[in-house]
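Here is the structure we will look at, set down as structure tokens.
The values are calculated or read from the model by the stated rules, or taken from the named source; none is laboratory data. As the structure is a prediction and not an experimental result, all values here were calculated from the model. Because the Cβ atoms are built from the backbone with ideal geometry, glycine has one as well, and the counts that use them run over all protein chains shown. The protein model used for the area step is the full one, side chains on, heavy atoms only, and it has no ligands, DNA or RNA in it. Shrake-Rupley method; radii C 1.70, N 1.55, O 1.52, S 1.80 Å.
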Amino acid sequence: MACLLETPIRMSVLSEVTASSRHYVDRLFDPDPQKVLQGVIDMKNAVIGNNKQKANLIVLGAVPRLLYLLQQETSSTELKTECAVVLGSLAMGTENNVKSLLDCHIIPALLQGLLSPDLKFIEACLRCLRTIFTSPVTPEELLYTDATVIPHLMALLSRSRYTQEYICQIFSHCCKGPDHQTILFNHGAVQNIAHLLTSVSYKVRMQALKCFSVLAFENPQVSMTLVNVLVDGELLPQIFVKMLQRDKPIEMQLTSAKCLTYMCRAGAIRTDDSCIVLKTLPCLVRMCSKERLLEERVEGAETLAYLIEPDVELQRIASITDHLIAMLADYFKYPSSVSAITDIKRLDHDLKHAHELRQAAFKLYASLGANDEDIRKKIIETENMMDRIVTGLSESSVKVRLAAVRCLHSLSRSVQQLRTSFQDHAVWKPLMKVLQNAPDEILVVASSMLCNLLLEFSPSKEPILESGAVELLCGLTQSENPALRVNGIWALMNMAFQAEQKIKADILRSLSTEQLFRLLSDSDLNVLMKTLGLLRNLLSTRPHIDKIMSTHGKQIMQAVTLILEGEHNIEVKEQTLCILANIADGTTAKELIMTNDDILQKIKYYMGHSHVKLQLAAMFCISNLVWNEEEGQRWHCSSTWRDGSALAPASIPRPCYRKYRN
């Protein structure tokens, strides 16, 4: 059983092991139980606040012996309790200490100790478990390995305020996703923890509150349940609102705001409910004030960003609350002076974590500017804002870079900003650098933004094309990540809109017909739809249609046939018929339809289809096939600017076009 530290650390520590450290371990093996107990007590006093001593004792093998004594039936309850206390103290040292304890299988031993009838021993085991489970090196799954553990912990909640505090803290740290939420919910976590919000102990109330925040996060089932839970005659949301009051500790205000935010985002509370508009949102804005600690400002901004992200009205309200947009500018100036923080340790901590403020500010700016043009304008006009975003794109922290790209993506939904600020600061240059070598999570957002920079009215489109964007985007279409494939083909679709023949030829050459048709059979519907959109954009303008169909006509007609025969939805088949309508506008290209009885029969079939969109699309195909320049205007398949699905008459073949990549 491996219980020692890693070799380099072990060797350096062993060289400093003192005789007294060996003495502590030797006493654990004394045949006299009383001397063993006194030895454990002395060890407890020796390790308090002494990380070197803790490391020495671990290296000398104290942990296996302490665990042995803790599990022995012949050991007194007092000895077991003191062993649990010492193990908890060892766990409060370094992460390497926790790893050593985990290697010795401490968790099963402590969980077994929870079956004891002695409350003080149970509390000592829970305290140690709390310390271990809150360490970042401990896998949360260890709590869920044995199916009997969670129900037993629920039963222990009623034993004392300490069991309540420790168990709630364990739950809040080990609930890391929907599977864990479901397990806790199904074992009665909501009912067992709700009444703890009225506990006389502040620590119990806080840990219960934190439990509800992690249970409700992105979980409609839990959130809808919480809305209807009564505690002493009051609904839980009302209790959360009371905890938002200014006279409550900041930690309590923030956590209550998170609970209400998560319940709102999960659909359990309306976005226009007074508890959100008049209580939660103002509370979170207060947390962004420069009077608050760094951690509070970060958590406040990130929670507010999450709250307002999907709702235009909340974005507008937040933007005019307490000068929030200007307030966030201070996040980039922190700390403004050494004198502002008299605690040197606090200053050192904040300097190391100042990047978290920048990340939070970018996130909140992104949410604020997601929909409203006036808000975007205010953000852009904030002092040095564009320079800060551009700088953020090259920061060492991946999280800051990701937040900066998201902020830029949000602002790129503005026609005016694409034409002015984005061009003035040559935003496309650092963005292209980001796209060259970045993790997928950054690539997804950065490539989404590139879709917007490639719109035909964007001044950045031309220099992006000259910098090798075609090859880069064609590479993205081969990614295993569906989101990157969508963005790659979407950007190519925007690039091909009203493009010159040379650009279209470059796209076809770099993409290759093989890859194009692989995309047409992609299992992701979004990839298929955007690939059809790319084809529509390539097959626009009569000379371009004839040129492309002369070299790729056979493959394109084959792909069209397969899609029209396949089990696809109305929108996919409509887009495919639009491609046929554009082909039918070609001078020579239309012959590929006229000489293909199978395609003509399919067009005839869809003219009689029950769905009006398919009827119209088929009618446009026929209209273009029989159209004579001397007789009047042609009808063409077209798509609206916004959703790429509507059909409308026009005097030229129209491409597929979506205004923005959201």
Within the stretch 151-170, which residues are assigned to a loop (DSSP other than H, G, I, E, B) and among the hydrophobic types (A, V, I, L, M, F, W, C)? L157
Could you grab me the full set of residues in the stretch 459-470 that are open to solvent by 20 Å² or more (accessible area, probe 1.4 Å) and in contact (Cβ under 8 Å) with a residue 40 or more places away in the chain? P459
Using the structure shown, decide if L230 is open to solvent by less than 20 Å² (accessible area, probe 1.4 Å) and of a type in the set (A, V, I, L, M). no
Given (1) open to solvent by 70 Å² or more (accessible area, probe 1.4 Å); (2) in contact (Cβ under 8 Å) with a residue 40 or more places away in the chain; (3) within 19 Å of K203 (Cβ to Cβ), identify the lone condition not met by L129. (1)
Counted residues, the stretch 90-126 - those being more than 18 Å from R65 (Cβ to Cβ), surrounded by 22 or more Cβ atoms within 10 Å (Cβ to Cβ) and within 34 Å of the chain's Cα centre (by Cα): 2
So in the stretch 427-456, with the set limited to residues that are hydrophobic (A, V, I, L, M, F, W, C) and open to solvent by 30 Å² or more (accessible area, probe 1.4 Å), which one is farthest from F497 (Cα to Cα)? V444
Test M557 against the stated conditions and say whether it is of a type outside the set (K, R), closer than 27 Å to E441 by Cβ and part of a helix (DSSP H, G or I). no
Can you go through L119, L114, L102 and tell me which one is hydrophobic (A, V, I, L, M, F, W, C) and touching a Pro at 6+ places or on another chain (Cβ under 9 Å)? L102
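Listed here are the residues, each with its yes/no results for (1) touching a strand residue (DSSP E or B) at 6+ places or on another chain (Cβ under 8 Å); (2) among the polar types (S, T, N, Q); (3) without any contact (Cβ under 8 Å) to a residue 12 or more places away in the chain.
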site	(1), (2), (3)
F457	no, no, no
L473	no, no, no
M495	no, no, no
I503	no, no, no
E514	no, no, yes
S523	no, yes, yes
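Let's see how each residue does on (1) of a type outside the set (S, T, Y); (2) modelled with pLDDT of 95 or more; (3) touching a Lys or Arg at 6+ places or on another chain (Cβ under 8 Å):
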residue	(1), (2), (3)
D232	yes, no, no
I239	yes, yes, no
L254	yes, yes, no
Y262	no, yes, no
V277	yes, yes, no
E291	yes, no, no
L294	yes, no, no
G300	yes, yes, yes
Tally, over the stretch 531-554, of residues that are open to solvent by less than 40 Å² (accessible area, probe 1.4 Å), under 13 Å from A584 (Cα atoms) and of a type in the set (S, T, N, Q): 1
Selection count, the stretch 258-306, where residues are over 19 Å from the mean Cα position of the chain (by Cα) and β-branched (V, I, T): 6
Selection from the stretch 185-205 of residues within 18 Å of L114 (Cβ to Cβ) and open to solvent by 10 Å² or more (accessible area, probe 1.4 Å) yields H187, G188, N192
Need the failing condition index for K279 against (1) open to solvent by less than 70 Å² (accessible area, probe 1.4 Å); (2) assigned to a helix (DSSP H, G or I), just the number. (1)
Mind listing whichever residues of the stretch 473-498 are farther than 21 Å from D524 by Cα and not in a loop (DSSP other than H, G, I, E, B)? M495, A496
Just need a number here: residues in the stretch 579-599 that are part of a helix (DSSP H, G or I) and either in contact with a Ser or Thr (Cβ under 7 Å, 6 or more places away or on another chain) or open to solvent by 10 Å² or more (accessible area, probe 1.4 Å) (or both). 7
Contacts under 9 angstrom Cβ, first residue in the stretch 23-46 being without any contact (Cβ under 8 Å) to a residue 12 or more places away in the chain and closer than 13 Å to S76 by Cα, partner basic (K, R) and assigned to a helix (DSSP H, G or I), 6 or more apart: K35/R27; Q38/R27
Test A84 against the criterion of being crowded, with 23+ Cβ neighbours inside 10 Å and within 16 Å of Y166 (Cβ to Cβ), and give yes or no. yes
If you scan the stretch 357-373, which residues turn out to be outside any helix (DSSP H, G or I) and not small (G, A, S)? N371, D372
Name the one entry in E16, E78 that is at pLDDT below 90, of a type in the set (D, E) and surrounded by fewer than 18 Cβ atoms within 10 Å (Cβ to Cβ). E16
Report yes if some residue within the stretch 499-519 is touching an Asp or Glu at 6+ places or on another chain (Cβ under 6 Å) and either under 18 Å from Q555 (Cβ atoms) or surrounded by 23 or more Cβ atoms within 10 Å (Cβ to Cβ) (or both); otherwise report no. yes
Neighbours by Cβ (under 6 Å, 6+ apart or cross-chain): first from the stretch 596-622, touching a residue at least 12 places away in the same chain (Cβ under 8 Å); second open to solvent by 60 Å² or more (accessible area, probe 1.4 Å) and in a loop (DSSP other than H, G, I, E, B): F620/W635
Output the residues belonging to the stretch 374-426 that are closer than 17 Å to S458 by Cβ, of a type in the set (S, T, Y) and either open to solvent by 20 Å² or more (accessible area, probe 1.4 Å) or in a helix (DSSP H, G or I) (or both). S410, T420, S421
Looking only at the stretch 507-533, count every residue that is over 22 Å from P482 (Cβ atoms) and either touching a His at 6+ places or on another chain (Cβ under 8 Å) or modelled with pLDDT of 95 or more (or both) and tell me the total. 1
If we scan the stretch 171-184, do we find a residue that is within 24 Å of C83 (Cβ to Cβ), open to solvent by 10 Å² or more (accessible area, probe 1.4 Å) and not in a loop (DSSP other than H, G, I, E, B)? yes
Given the conditions (1) open to solvent by 30 Å² or more (accessible area, probe 1.4 Å); (2) polar (S, T, N, Q); (3) part of a helix (DSSP H, G or I), and given that T271 satisfies all but one, which numbered condition is not satisfied? (3)
Could you please find all residues in the stretch 65-93 being within 18 Å of P31 (Cβ to Cβ) and among the polar types (S, T, N, Q)? Q72, T74, S75, S76
